[in-house]
Amino acid sequence: MTKQRNNWLLDAEVQYKVTPVKGRWEVSLIFINTKDPKQVLIQTIGDYRTERLAEIYGRNMMLTATKDPRGTQKVDKDAYDINDN
């Protein structure tokens with residue numbers, strides 16, 4: 001990807017996800033474009049032997065990735081058209 005196409009990552013909201021995979025717990029960081037919430041990048045960062053360790057590492061990596069002098073970036077929750085029916 002070109003540098004220009006990745007500029008949105010500077011303003012992305014970052015979340016993490018822990019998923020069981022083959023007896024281990026895989027941690028992924030999820031980058032969500034705050035201006036276009038349909039643009040998402042998921043990056044697997046590692047796997048751990050226990051869910052607790054994965055949660056600790058996931059949260060730590062998320063906090064590290066969100067450090068920004070402008071404050072934490074957040075996606076407008078109304079940006080998604082979710083129908084509960």
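Laboratory data are not the source of any read-out in this text; all were calculated from the coordinates shown. Only a predicted model underlies this, so the values are computations on that prediction, with no experimental measurement involved.
For residue 46, the residues whose amide H sits under 5 Å from its own are 27, ignoring neighbours fewer than 5 places away on the same chain, with H placed 1.01 Å from N. Note on region 1-66: percent of Cα-Cα distances in each 5 Å bin, starting at 0 and stopping at the bin with the largest distance, equals 3, 20, 24, 21, 14, 10, 6, 1.
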